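**Q** Attaching a single structure in structure tokens format; questions to follow.
The values are calculated or read from the model by the stated rules, or taken from the named source; none is laboratory data. Keep in mind it's a predicted model, so treat the numbers as computed, not measured. Cβ sites come from the backbone with ideal geometry, for glycine too, and all protein chains shown count toward neighbours.
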Amino acid sequence: MDNLDKSNSATKFIPEGIFLSNENVISSFIGGYLDGDGEVSKEDISATTKSSKLGSQLAYLLLRLGISCSLRKKVVDGEIYSIIRICGEDRGKLRNIKFKIKSFNCNINNSIYGYPTQIINYINETYKESMGGNRGNLRKEVGKINGGYSYRIFSASSQPETINLKTLDKIENIFLEQKDEFVRIIALLENERFSIELLREFYPKLPFAFNSLAKDMCVRKSTMRNYYLRKIPENKLELLKNLILNELRTRVDTICLAMELFNEIKMFNWDVVESIEVVEYNDFVYDFVVPEGHSFIGGNLPTMMHNTQLGLVLAVNVQLPVENGGANGKAVFIDTEGTFRPERIKQISEALGANPEKVLKNIFVARAFNSDHQILLLDKISEMVKNGEPIKLVIIDSLTAHFRAEFAGRGQLADRQQKLNKYLHNLMKLAEQCNIAVYVTNQVMANPAMMFGDPTTPIGGNIVGHASTYRLYLRRGKKDSRVAKLIDSPNLPDSEAIFFLTTGGLKDGAVEEE
């Protein structure tokens, strides 16, 4: 039992054999622990331990069963205790825990626990940008008078601290209904002759004050009011129609993006980053194999995330005119690890003075769920190019993630490399035939047998190495800098470049030092 018998209340832990066991054994272990040390009430369940290691291990063991918990520290008489609490809708999963003495079967309908303030703030901002703008004397579709509980979420002055899944579903339906209404108005404007009668038909549904268009129309606000009450001049009809269309399309795009993020919010449990600490580390970097259905994100151990900053910057820069260093084209981002972040694209775009919405529209994001799906996406890209899409860059982040996960162990190494080799040749064929630049990120592992030098080794071996025209090795440098080292090139000598990651993208390290 890993010397568990020699531990005390402050040092006790869960033996490694429990973590290596199946879910039935884990369920029995947790049930036995909660039978002994658990505090079970009608609505809540928790456990308190003096051992911080045990608290952290319990949190991850619960996650093996799909149960999220909170882990908090409490000081009692100068002693620090860890409190593990299972709350919210995850309490329903405790019904399957194998208790022998105690039992837990509470009613979790409409639980007060759920999505935190950060999610509510995002919903609030999206509401303002899409359907909650100032509408003058018009009553909003969802407002203070007729919005009910949902308006509390949309209002910064009366927001609750959390919302549950049921409330999030209601809010999602509100956004969906508004999107459908805006799409209906857009279809009217595109298919019918614009007139004052048509304007009056959809005027009450506009998500913005009509006189807010006065500046773009080059008239006063009182003139805009007269347009609606009396008559729109013939020479102003087309301009007014296009302004309304642009406003509505922008709001539809905002809602569509929000709907995608709502789906992602429902899929994950969220941890809040409370602090970030930079640690100097020059030892081995070990390669972890994560079992299917598990993730490094969340919980109480160090969070591990892949750095995709360079790919995001390239996705923006490829859209610049040729004279500004771009290719005047669009980008495809094949996401295998859930690393694409539209908010980061917005930051980089704003730093370049570009319109973030237009930049995002020119980036086609495809989430690859396995290696077969990743391979099929190449055919889709080829089809898009044939249909006239000016795609100039394909980004794959990361190249080998799915291949590693699906072909584990030395017994499947040959099959993995053969499939990876075929994929890389299809990628090279796409690049040559369609004149597209390809940027891929790759994972690394440590080679413990290497006694001297850098032990990190790229995944994929020689097959990935020979298929790549230029290979860059990125590492952390001094004073928060990054170093890009050219490992292989057919026409350039080996060299290094220093750069910094900033809010606006990448910054040349040489310029920074000057």
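**Q** Condition test on Ala59, is it in contact (Cβ under 8 Å) with a residue 12 or more places away in the chain, more than 15 Å from Phe104 (Cα to Cα) and among the aliphatic types (A, V, I, L, M)?
**A** In short, yes.
**Q** Within the range 96-108, does at least one residue satisfy the condition of being within 26 Å of Glu23 (Cα to Cα), loosely packed, with under 14 Cβ neighbours inside 10 Å, out of contact with any helix residue (DSSP H, G or I) (no Cβ under 8 Å at 6 or more places or on another chain) and at pLDDT below 65? Step through it out loud before you land on a result.
**A** First, the residues of the range 96-108 that are within 26 Å of Glu23 (Cα to Cα): 96-108.
Among the residues that remain, those that are also loosely packed, with under 14 Cβ neighbours inside 10 Å are: 96, 100-101, 103, 105, 107.
Now narrow it down to the ones that are out of contact with any helix residue (DSSP H, G or I) (no Cβ under 8 Å at 6 or more places or on another chain): 103, 107.
With the extra rule that they be at pLDDT below 65, the set shrinks to 107.
Yes, that holds for at least one residue.
**Q** In the range 356-366, is there at least one residue being in the same structural domain as Leu424 (by TED's automatic domain parsing) and either more than 20 Å from the chain's Cα centre (by Cα) or among the acidic types (Asp, Glu) (or both)?
**A** The answer is yes; a qualifying residue exists.
**Q** With the requirement that a residue be modelled with pLDDT of 80 or more and crowded, with 16+ Cβ neighbours inside 10 Å, what does the range 484-505 give you?
**A** Correct list: Ala484, Ile498, Phe499, Phe500.
**Q** May I pose another question? Within the range 186-224, can you find the residues that are in contact (Cβ under 8 Å) with a residue 60 or more places away in the chain, part of a helix (DSSP H, G or I) and either outside the structural domain of Tyr127 (by TED's automatic domain parsing) or in contact with a Lys or Arg (Cβ under 6 Å, 6 or more places away or on another chain) (or both)?
**A** Passing the criteria: only Asn211.
**Q** Now a separate question. For the range 366-384: of the residues being part of a helix (DSSP H, G or I), of a type outside the set (Ser, Thr, Tyr) and touching a Leu at 6+ places or on another chain (Cβ under 7 Å), which is surrounded by the fewest Cβ atoms within 10 Å (Cβ to Cβ)?
**A** Taking the candidates together, the pick is Leu378.
**Q** Residue by residue through the range 314-331, note down the ones that are surrounded by 18 or more Cβ atoms within 10 Å (Cβ to Cβ) and either touching a Lys or Arg at 6+ places or on another chain (Cβ under 9 Å) or of a type in the set (Gly, Ala, Ser) (or both).
**A** Residues satisfying the conditions are Ala315, Val318, Gln319, Ala327, Gly329, Lys330, Ala331.
**Q** Okay, moving on. For Ile487, all conditions in the list (1) part of a loop (DSSP other than H, G, I, E, B); (2) more than 23 Å from Val279 (Cβ to Cβ) hold save one; what is the number of the exception?
**A** All conditions are met except number (1).
**Q** Now, a different point. Looking for whichever is modelled with pLDDT of 75 or more, within 27 Å of the chain's Cα centre (by Cα), hydrophobic (A, V, I, L, M, F, W, C) and surrounded by fewer than 17 Cβ atoms within 10 Å (Cβ to Cβ) here; the options are Leu474, Leu427, Leu413. Which one fits?
**A** Testing whether each residue is modelled with pLDDT of 75 or more, within 27 Å of the chain's Cα centre (by Cα), hydrophobic (A, V, I, L, M, F, W, C) and surrounded by fewer than 17 Cβ atoms within 10 Å (Cβ to Cβ) leaves just Leu474.
**Q** Identify, please: which residue in the range 1-23 is assigned to a helix (DSSP H, G or I) and without any contact (Cβ under 8 Å) to a residue 40 or more places away in the chain and is, among those, nearest to Gln57 (Cα to Cα)?
**A** Glu16
**Q** Taking the condition closer than 25 Å to Leu474 by Cβ and surrounded by fewer than 13 Cβ atoms within 10 Å (Cβ to Cβ), does Asn387 pass?
**A** When the stated conditions are applied, Asn387 does not pass them.
**Q** Can you say whether Ala47 is touching a residue at least 40 places away in the same chain (Cβ under 8 Å) and of a type outside the set (D, E, K, R), as far as the supplied structure shows?
**A** When the stated conditions are applied, Ala47 does not pass them.
**Q** If you scan the range 298-323, which residues turn out to be out of contact with any Gly (no Cβ under 9 Å at 6 or more places or on another chain) and either of a type in the set (A, V, I, L, M) or at pLDDT 85 or above (or both)? Lay out the reasoning, then the answer.
**A** The first filter runs over the range 298-323 and keeps only residues out of contact with any Gly (no Cβ under 9 Å at 6 or more places or on another chain), leaving 298-299, 301-308, 310-311, 314-315, 321-323.
If the condition is that a residue be out of contact with any Gly (no Cβ under 9 Å at 6 or more places or on another chain) and either of a type in the set (A, V, I, L, M) or at pLDDT 85 or above (or both), then Leu301, Met304, Met305, Leu310, Gly311, Leu314, Ala315, Pro321, Val322, Glu323 are the ones that fit.
**Q** Can you tell me which of Ser150, Ser155 is surrounded by 16 or more Cβ atoms within 10 Å (Cβ to Cβ) and at pLDDT below 85?
**A** Just a single option satisfies the conditions, and that option is Ser150.
**Q** A further question on this structure: Would you confirm, using the coordinates I've provided, whether Ser28 is assigned to a helix (DSSP H, G or I), surrounded by fewer than 19 Cβ atoms within 10 Å (Cβ to Cβ), touching a residue at least 40 places away in the same chain (Cβ under 8 Å) and over 29 Å from the mean Cα position of the chain (by Cα)?
**A** Working: assigned to a helix (DSSP H, G or I): yes; surrounded by fewer than 19 Cβ atoms within 10 Å (Cβ to Cβ): yes; touching a residue at least 40 places away in the same chain (Cβ under 8 Å): yes; over 29 Å from the mean Cα position of the chain (by Cα): yes.
Considered against the rule, which asks whether it is assigned to a helix (DSSP H, G or I), surrounded by fewer than 19 Cβ atoms within 10 Å (Cβ to Cβ), touching a residue at least 40 places away in the same chain (Cβ under 8 Å) and over 29 Å from the mean Cα position of the chain (by Cα), Ser28 comes out as yes.
**Q** Filter the range 39-53 down to residues that are touching a helix residue (DSSP H, G or I) at 6+ places or on another chain (Cβ under 9 Å) and either at pLDDT below 85 or not hydroxyl-bearing (Ser, Thr, Tyr) (or both), then give me how many there are.
**A** Adding up the residues that qualify gives 5.
**Q** Of the residues in the range 212-247, how many are among the small types (Gly, Ala, Ser) and loosely packed, with under 12 Cβ neighbours inside 10 Å?
**A** 1
**Q** Quick test for you: out of Gln347, Gln374, Gln417, pick the one residue that is under 18 Å from Leu257 (Cα atoms), in contact (Cβ under 8 Å) with a residue 24 or more places away in the chain and polar (S, T, N, Q).
**A** Checking each option against the conditions leaves just Gln347.
**Q** Go through Ala431, Ala405, Ala414 for me and flag whichever is part of a helix (DSSP H, G or I), of a type in the set (A, V, I, L, M, F, W, C) and within 18 Å of Thr469 (Cβ to Cβ).
**A** Going through Ala431, Ala405, Ala414 in turn, just one is part of a helix (DSSP H, G or I), of a type in the set (A, V, I, L, M, F, W, C) and within 18 Å of Thr469 (Cβ to Cβ): Ala431.
**Q** Looking at the range 357-365, is at least one residue touching a Lys or Arg at 6+ places or on another chain (Cβ under 8 Å), assigned to a loop (DSSP other than H, G, I, E, B) and at pLDDT 90 or above?
**A** For the range 357-365, residues touching a Lys or Arg at 6+ places or on another chain (Cβ under 8 Å), assigned to a loop (DSSP other than H, G, I, E, B) and at pLDDT 90 or above: present.
**Q** Looking at Val285, Val279, Val289, can you tell me which residue is out of contact with any strand residue (DSSP E or B) (no Cβ under 9 Å at 6 or more places or on another chain), at pLDDT below 85 and within 21 Å of Pro458 (Cβ to Cβ)?
**A** From the options Val285, Val279, Val289, the qualifying one is Val289.
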